[in-house]
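> Quick one: structure below, then a few questions.
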Amino acid sequence: MKSSFLNGIRMKTIVTATRKKKIIELSPETEKRLRIIAVNEGYNLKSYIENVLDEIAAGDELLIALSKVQETNELLTESEKIRFIKSLSE
């Protein structure tokens with residue numbers, strides 16, 4: 001089991017054969033706000049968090065693919081990333 005601390009959220013990783021589970025610790029206020037958002041979206045809290053994280057990961061698929069190209073090993077700043085994504089839709 002591996003622990004990390006990201007943006008004030010403590011997480012533990014549990015690795016299974018096909019999936020990874022994260023145990024996260026949220027402040028009571030954050031948990032309450034996320035639960036309200038989840039209910040309004042028609043999800044329970046766990047499903048809502050999983051869906052949001054899946055969407056974030058899927059949105060960066062192109063950048064992940066490009067990162068395998070030798071010239072793209074440098075990380076983009078957030079503004080560079082936004083400009084790049086906008087340029088794709090032009």
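> Being at pLDDT 75 or above, out of contact with any Gly (no Cβ under 6 Å at 6 or more places or on another chain) and of a type outside the set (Phe, Trp, Tyr) narrows it down to one of Leu88, Leu63, so name that one.
One residue alone meets the criteria, Leu88.
> Evaluate the following for Leu45: is it at pLDDT 85 or above and touching a helix residue (DSSP H, G or I) at 6+ places or on another chain (Cβ under 9 Å)?
On the way: at pLDDT 85 or above: yes; touching a helix residue (DSSP H, G or I) at 6+ places or on another chain (Cβ under 9 Å): yes.
Against the criterion (at pLDDT 85 or above and touching a helix residue (DSSP H, G or I) at 6+ places or on another chain (Cβ under 9 Å)), Leu45 qualifies.
> Just need a number here: residues in the range 27-59 that are surrounded by 13 or more Cβ atoms within 10 Å (Cβ to Cβ), of a type outside the set (A, V, I, L, M) and under 30 Å from Ser87 (Cβ atoms).
Of the residues in the range 27-59, 1 are surrounded by 13 or more Cβ atoms within 10 Å (Cβ to Cβ), of a type outside the set (A, V, I, L, M) and under 30 Å from Ser87 (Cβ atoms).
The values are calculated or read from the model by the stated rules, or taken from the named source; none is laboratory data. These numbers come from a predicted model, not from an experiment. We place every Cβ from the backbone using ideal geometry, glycine too, and count neighbours over all the protein chains shown.
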